[in-house]
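Structure first, commentary second.
The values are calculated or read from the model by the stated rules, or taken from the named source; none is laboratory data. The structure presented is a predicted model; accordingly, all values stated were derived computationally and were not measured. No Cβ is skipped: glycine too gets one built from the backbone with ideal geometry, and neighbour counts run over all protein chains shown. Heads up: the accessible areas ignore ligands, DNA and RNA and are worked out on the full protein's heavy atoms, side chains in. Shrake-Rupley method; radii C 1.70, N 1.55, O 1.52, S 1.80 Å.
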Amino acid sequence: MSHANNQAEKIKAISGVNPLKCMKCGKCSATCPAFNEMDIKPHQFVSYVQNGDIEALANSKSLWKCLSCFACVERCPRDVQPGRLIDAARQIVVRTKGQTGLAPEEIPELLDSEVPQQLLVSAFRRYRR
Amino acid sequence: MQRIGVFVCHCGSNIAATVDVKKVVEMVQMEPGVVHAEDYQYMCSEAGQAKIAAAIHEKNLTGIVVCSCSPRMHETTFRTAAERAGLNPYMVEIANLREHCSWIHKDMEEATKKAVILARAAIAKVNLNTPLKPGESLVTKRALVIGGGIAGIQTAIDIADAGYEVDIVEKTPSIGGRMSQLDKTFPTLDCSACILTPKMVEAASHEKITIYTYSEVDKVSGFVGDFTVDIRKKARSVDATKCTGCGVCQEKCPSKKAPSEFNRGLNTRSAIYTPFAQAIPNVPVIDRDACMKFQTGKCGVCEKVCQAGAIDYTQKDEIVTQKYGAIVVATGFDTIKLDNYDEYAYSQSKDVITSLELERIMNAAGPTKGHLERLSDGKHPHEIVFIQCVGSRCSDDRGKSYCSKICCMYTAKHAMLIRDKYPDVNVTVFYIDVRTPGKNFDEFYRRAVEEYGVNYIKGQVGKVIPQPDGKLLVQGSDLLDNKQILKEADMVVLATAIEPEASVRKIATMLTASIDTNNFLTEAHPKLRPVESPTAGVFLSGVCQGPKDIPETVAQAGAAAVKAIGLLAKDKLMTNPCTAKADELMCNGCSTCANVCPYGAISYEEKEINDHGIREVRRVAVVNNALCQGCGACTVACPSGSMDLQGFSNRQIIAEVDAICR
């Protein structure tokens, strides 16, 4: 399996999302409050993962513009949940940069201007459960 | 000892691609009783059936096993073929090598092994089969149609035209159904009432049709050709034989606060009411929950003003018991509740409406007398947004998994009609896909775009936000432009998913007709028997079977009628000989079987029994073969093991299990 495919599979595994369920209705992009800030739009995220074009995702602005508000997750009629895909892509980027994900006790140390706010929101969401 | 022939079908490549049919033939020849085995490409074809007949003659076969598809598909075919060749049809068994084996396995070796085991089981059973003879039952020449919408009306007229008595049972005070609520119909734009009301009159005046409105089916017993049905005629509080339909009672009724069901709750009606002016029968009913006379005891205005003396506050529900040979279900649909779709602000704004509500607004007899206006302030709208697929095509638990099928076309219709009548109104449609298969359908949709300038945007709406100034801010996707759109609208119309009428569950249970997870009634075969329920004598008409538009509904209604007529035209039906039978020597008269029998087919007799030389009078179970449906409940309930199902005896089933476990 190629590297790109491997990464796509990882995103699917982390997010638990099956991009093939998408019927391309665009409700995620219709509902996204950060839409105008994004270069790759939420609905495009799904097809990027499906096509294994993870490098473009990793380098996109969108990755750090997503507010993790999960409105797209809430309203997606096909249970595709683009917000979870974005969340998973972020984790992969963070991990490949040599980190192993966030533990709650590490968070206070990380609170500086270099860490994207969205990542923390996601981390809190993840570890709250 | 039986002389058994085994016939292994390739089913083209359906079976042969996964099962080594030659190997199956070779293996079954070693089974006890088997004197002949062969394979063929299509056993069900004429040539295949001829092979079976030839083998029966040449080898003097006493029983056969056909290794083919499901018995639901071709058991009758092969039984008939055997009968023509002089064999009792109940000496035929089917080993289902397709659905139960080849279709669900990939590995040839394993599938072949399983195929041999399935064949063995069937052979073991045939070894114990005995010839059975079907009995006869009479057919009551009368049909019941449940539901008085266009589906039920058309089915009833078609059956009645063939000369049979038909009763329509309709739950609401008038026949007409959903179609009576529609304004215009696609793709010809003819007025719905103009084409429906003559049909309603035709049904009502047909000498062979009896209509029970404001009535429900209470109880169903019996079986194909001989159903007994209790119809509950709900108390109308109005004597239909005296009422002249003058309408004065409705006019004078002081209690006018009940939401009008016919107008989808957009306005109110009086407590004594007919749903709409062209109602059939034109006899009002009193809604007792809304009536002051019934609630407080004070009022009685309708009784005072009624010149005919037709008001009767003491009327009670009445049960009519009637026998039928066939039952057609035509219970129709409703739109889904929108409680799970808060993002569209349906509960927050009166100007967010469903398409069915728009039908009433567009209709001259509707709450706004046909004027397009905002329900919040009565103002003329300038921007209208339509949202498609609201609750349809959802795999989450909020909506329905299916496409509601009619929405693309009625939205194009609404958009076109609005642009035609009010050229100053801009119309935008947010769609996921436009699905317009059907005669003149796509042309119709294109006309909306090309001639009427309706703005179609590919993308779903995320949310509708009511603004302080009364406008509605619509936030949606334009996927082709890769943009998020913010659009101010005066009205938003939701193409709300349709679902089977809620009462269909209860009716399906009474009829023992199967329904799917979405409450649509299941067909006997999705392609080859689309208007029949798997329950014999029960037929399906209209949306209760699946989403469909008016022409499809009418076509299906006619098809259901033909099937019902085909049944009613018979004087007698062959009954299934696979009925229960009690062994008198073993029966101890405990009544357990009678208590579990869902068909009331078991009674008891005091009978003199000769038990190995001892003569005594005993109470023993007797099965009425006409009533018994062969469900087998009694055979498992019987504590002494005296009940047995003919054709599926305990010995036969154990022999099958033994053959599988060998």
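List of remarks:
- Think of each Lys and Arg Cβ as +1 and each Asp and Glu Cβ as -1; about the Cα centre, that makes the dipole of the stretch B:134-240 roughly 320 debye.
- Area hidden from solvent between A and B (accessible, protein heavy atoms only, 1.4 Å, total, Å²): 1700 Å²
- Relative protection proxy for B:399-410, B:71-82, B:187-198, from highest mean packing down: B:399-410, B:71-82, B:187-198 (other beta-carbon atoms within 10 angstrom).
- Net length gained if the chain between B:Leu480 and B:Cys194 were fully extended (0.36 nm per residue, minus Cα distance): 98.9 nm
- Per-residue 3J(HN,Hα) values for the stretch B:166-178, derived from phi via the Karplus relation 6.51 cos²θ - 1.76 cosθ + 1.60 with θ = phi - 60°, read 9, 10, 9, 10, 10, 6, 7, x, 9, 6, x, x, 4 Hz in sequence order (x marks Gly and Pro).
- Solvent-accessible area of the protein assembly as shown (1.4 angstrom probe, protein heavy atoms only): carbon and sulfur portion equals 51 percent.
- Dipole magnitude for the stretch B:4-126: computed about the Cα centre from +1 point charges on Lys and Arg Cβ and -1 point charges on Asp and Glu Cβ, it is near 160 debye.
- Antiparallel content of DSSP bridges confined to the protein assembly as shown, in %, to 5: 55 percent
- For the stretch A:3-100, the Kirkwood hydrodynamic radius comes to 13.1 Å, computed from all pairs of different C-alpha atoms.
- Considering only B:Ala508, B:Met491, B:Ala415, and ranking their Cα positions along the charge dipole of the stretch B:406-517 that arises from unit charges at the beta-carbon of Lys, Arg, Asp and Glu, the one farthest toward the positive end is B:Ala508.
- Sequence-distant residues sharing a close amide H with B:Glu532 (under 5 Å, placed H): B:Ala524, B:His525, B:Leu540
- Selection from B:Asn576, B:Cys101, B:Leu138, by position along the positive dipole direction of the protein assembly as shown (Cβ): B:Leu138
- Using θ = phi - 60° and Karplus 6.51 cos²θ - 1.76 cosθ + 1.60, couplings along the stretch B:199-208 (whole Hz; Gly, Pro as x): 5, 4, 5, 4, 5, 5, 9, 5, 5, 9
- Area of B:Glu450 that stays accessible when all protein chains are in place (1.4 Å probe, Å², to 10): 130 Å²
- With Cα atoms, 0 to 90° folded angle of helix B:441-450 axis to chain B main axis: 30 degrees
- Calculated FRET efficiency, B:Arg651 to B:Ile465, Cβ-Cβ distance, R0 = 60 Å: about 0.25 to the nearest 0.05.
- Here's the list of lysines a cross-link from B:Lys22 could span, going by alpha-carbon distance under 16 Å and ignoring same-chain residues fewer than 8 apart: B:Lys113, B:Lys114.
- Helical mean residue ellipticity (222 nm; -39500 (n - 2.57) per DSSP H run of 4+; nearest 500) of the protein assembly as shown: -9000 deg cm²/dmol
- Calculated from backbone phi, Karplus (6.51, -1.76, 1.60) coupling profile of the stretch B:593-604 in Hz, x at Gly/Pro: 5, 5, 5, 8, 5, x, 10, x, 8, 10, 10, 10
- Cα extents for the protein assembly as shown along the principal axes, largest to smallest and rounded to whole angstrom: 97, 89, 53.
- Cβ neighbours within 10 Å from other chains - mean over A:77-84: 3
- Amide H contacts under 5 Å for B:Tyr456: B:Val429, restricted to partners 5 or more places along the chain or on a different chain, H placed in the peptide plane at 1.01 Å from N.
- Separation of the A:Asn59 and B:Asp611 label points, Cα + 7 Å toward Cβ, nm: 9.3 nm
- The antiparallel fraction among DSSP beta bridges confined to chain B stands at about 55%.
- Look at the dipole of the protein assembly as shown built from charges on Cβ: of B:Val285, B:Pro32, B:Ala115, the Cα furthest out on the positive end belongs to B:Val285.
- Occluded residues from the stretch B:453-478, i.e. those whose accessible area drops by 20 Å² or more once the chain is not alone (1.4 Å probe): B:Gln460, B:Gly462, B:Lys463, B:Gln475, B:Ser477
- Between the stretch B:189-219 and the stretch B:34-60, the Cα center-to-center distance that results, in Å: 53 Å
- Within the straight-line cut-off of under 30 Å between alpha carbons, the lysines reachable from B:Lys439 are A:Lys24, B:Lys184, B:Lys199, B:Lys400, B:Lys405, B:Lys413, B:Lys421, B:Lys458, B:Lys527, B:Lys548, B:Lys563, sequence neighbours fewer than 8 places apart in one chain being disregarded.
- Rounded Å value of the spacing that divides the Cα centres of the stretch A:18-46 and the stretch B:607-625: 76 Å
- Check: the protein assembly as shown dipole with +1 on Lys, Arg Cβ and -1 on Asp, Glu Cβ, in debye: 540 debye
- Hypothetical label at B:Ser205: residues of the stretch B:352-371 whose amide nitrogen lies under 11 Å (7 Å Cα-Cβ projection): none
- For the stretch B:311-383, the set of trypsin sites (Lys or Arg not before Pro) satisfying both a DSSP loop assignment and a count of at most 10 other C-beta atoms within 10 Å is given as B:Lys316, B:Lys369.
- Given a 1.4 Å probe and the protein chains as shown, A:Leu20 ends up with an accessible area of around 130 Å².
- Partners for A:Lys65 among lysines (Cα-Cα distance below 20 Å; same-chain residues under 8 apart left out): A:Lys27, A:Lys41, A:Lys97, B:Lys483
- Three-way shape label, chain B, alpha-carbon gyration tensor, a/c 1.5: oblate
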